[in-house]
Amino acid sequence: MTQCPLTGAELMDLFAHFLVLSLLSVGGAIATAPDMHRYVVTDRHWITDEQFTASVALAQAAPGPNVLFVAVIGYNVAGLAGAAVTMIGIMLPCSALAMWVTRWGRQHRETRSVRAFTTGMTPLTLGLLVSTGWVLADPAHHSWRALLLLVFAVLASLKTQLSPMWLVGVGAVVGAFGWA
Amino acid sequence: MADVPTDPDQPLRRPASCTEVFKVFNRLAMQGFGGVLPVAQRELVERERWLSREDFVEMLAVSQVLPGPNIVNLSMMIGDKFLGARGALAALGGMLLAPLVIVLVLAALYAEFAHHPLVGGALRGMGAVAAGLVIATAVKLSRSLRHNPLGVPLCVGLGAATFVLVAILRVPLVGVIFTLGPLAVFMAWWKLRS
C-alpha cells in the first residue's frame, strides 16, 4: 500500500475513536475488539471481516505484545499512517493513566486500603489469567490433538526450564504438519 | 543462550540503566510468540530477579484493572519503579519497537501466504501452545497466594468465580471486575484490620 486511502478527516476520526477505546480497554486492547470490529468493518467498511480476524491471529503469532494487532488493523485500513494513528491512539491515554495511578499507589503502598486492593485483586488476576488461556484455546476445544498440545505446553512449562519461545516453535512445527 | 534461570529464592537485584531496561524488555518481547506474559514472568522473576513472585503478581493485578494492554502497563510500571519516567519509556520502547516493525512486515507479506495450509496449521499449533503457556503462568504465580492475607480457600474461591464468569459464562470483563473486585477488596480490607 503506497497511498493512504483515507482523507485527513477520516484519519482524525480513526485516531479519536482509538483514543476513546484506549480508556475502555480494561483487560487489554483485545477486550475492545468487538467495538473496533463494529467501527472499521460494519460501520465504515474500511476492511473486511476476514482481514479483521487475520489481523488478530497474525499479531498473536508474531513476537511481541498482542496489542500490536491494533497496528495491523490500522495498516490494513490506511497503510503506515493508519498503523501510526491507531497505535498511538490506543496507547497514549491508558499509558498516561497507568503511570499516574502507579505513582500514587507506590506512595501509598503500605496503607491499608492499597494493600486491601492488591491482596483482594490477586485471586481475580489469577482467575483472569486462566480465563485468557481458556479463551485462547477456543479453536483447540474441537480437536483432541490440539488439546494434547496444550497440555504438553502446560507440563513442559511447569516441569522444564525451556524458554516459552521453543515450546511455541514446537507448536508451529506440529501444526504445520497438520497434527493440531 | 545462557538458559539457566536463577533460583526464585535468590536475592533480588535492580537494573543499572535505561539501556539495560530497554534490552531486557526487548529480549522478552522478541521471545513472546502468542503472548508476552509467560516470558515476562520467566525473565523478570526467575532469571533477572528484578521482582519477587509476589511483586510481579501485585503489579499484574494493578495493570489488569487499569485500561490498556496488561503487559505494556506492567512493563512501564516496572521501568518507572526502578528508573522513573525514563525507565518507563525505555521499557515501553523495548517492548514495542522491534515487534512493531516485524508485525508490519508480516502484515505486508501476509496476503501472499494467507491461504497456504502450512501457515494455517502452524498458526493453530502456536495458538494451542500459547494458551497452555498462559495457564502454566497462572499455576506458577498461584504459589504467591500462600502469603495472601485472604487465606488460600477464599483465594481459590474468588479465582474460580472469576474463571466461571469470564471464561464459561462470558460475562463482560468490566462487569466482573466492578462487582467481584470490590467484594474481594472489601474482604481483604476486613482481614487486614489489626
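Observations, loosely collected:
- Residue B:82 vs. criteria in a helix (DSSP H, G or I) and either polar (S, T, N, Q) or over 30 Å from residue A:56 (Cα atoms) (or both): yes
- Residue B:108 closer than 26 Å to residue A:136 by Cα and either in contact (Cβ under 8 Å) with a residue 60 or more places away in the chain or part of a helix (DSSP H, G or I) (or both): yes
- For segment B:161-173, residues that are surrounded by fewer than 16 Cβ atoms within 10 Å (Cβ to Cβ) and within 7 Å of chain A (Cβ to nearest Cβ) total 0.
- Each residue in segment B:112-124 was checked for being at the interface with chain A (Cβ under 9 Å from one of its Cβ atoms) and either surrounded by fewer than 20 Cβ atoms within 10 Å (Cβ to Cβ) or at pLDDT 85 or above (or both), and 6 pass.
- Within segment A:137-150, being within 23 Å of the chain's Cα centre (by Cα), more than 7 Å from chain B (Cβ to nearest Cβ) and of a type in the set (A, V, I, L, M, F, W, C) holds for one residue alone: A:147.
- Of the helices (runs of 4 or more DSSP H) that lie entirely inside segment A:1-108, those containing 1 or more residues that are polar (S, T, N, Q) and free of Cβ contacts under 8 Å to residues at least 12 places away in the same chain span A:49-61, A:69-107.
- Any hit, segment A:110-122, residues being more than 7 Å from chain B (Cβ to nearest Cβ) and in a helix (DSSP H, G or I): yes
- Meets criteria (under 18 Å from residue A:131 (Cβ atoms), of a type outside the set (Val, Ile, Thr) and part of a helix (DSSP H, G or I)) for residue B:63: yes
- Out of A:84, A:78, A:172, one residue alone is facing another protein chain (nearest Cβ under 7 Å) and of a type in the set (Gly, Ala, Ser). It is A:172.
- Test: residue in segment A:88-104 that is touching a helix residue (DSSP H, G or I) at 6+ places or on another chain (Cβ under 6 Å), more than 29 Å from residue B:104 (Cβ to Cβ) and buried (at least 17 other Cβ atoms within 10 Å of the Cβ): yes
- Any hit, segment A:47-59, residues being out of contact with any helix residue (DSSP H, G or I) (no Cβ under 8 Å at 6 or more places or on another chain) and surrounded by fewer than 17 Cβ atoms within 10 Å (Cβ to Cβ): yes
- Residue in segment B:134-150 that is more than 7 Å from chain A (Cβ to nearest Cβ) and over 21 Å from the mean Cα position of the chain (by Cα) present: no
- Complete set of residues in segment B:37-88 that are among the aliphatic types (A, V, I, L, M) and without any contact (Cβ under 8 Å) to a residue 24 or more places away in the chain: B:39, B:59, B:61, B:62, B:66, B:76, B:77, B:85, B:88
- Residues of segment B:138-170 that are farther than 22 Å from residue B:41 by Cα, outside any helix (DSSP H, G or I) and of a type outside the set (Lys, Arg): B:149, B:150, B:151, B:169.
The values are calculated or read from the model by the stated rules, or taken from the named source; none is laboratory data. Predicted model only: the values in this text are computed from it and were never measured. Every residue, glycine as well, gets a Cβ built from its backbone with ideal geometry; the counts of neighbours run over all protein chains shown.
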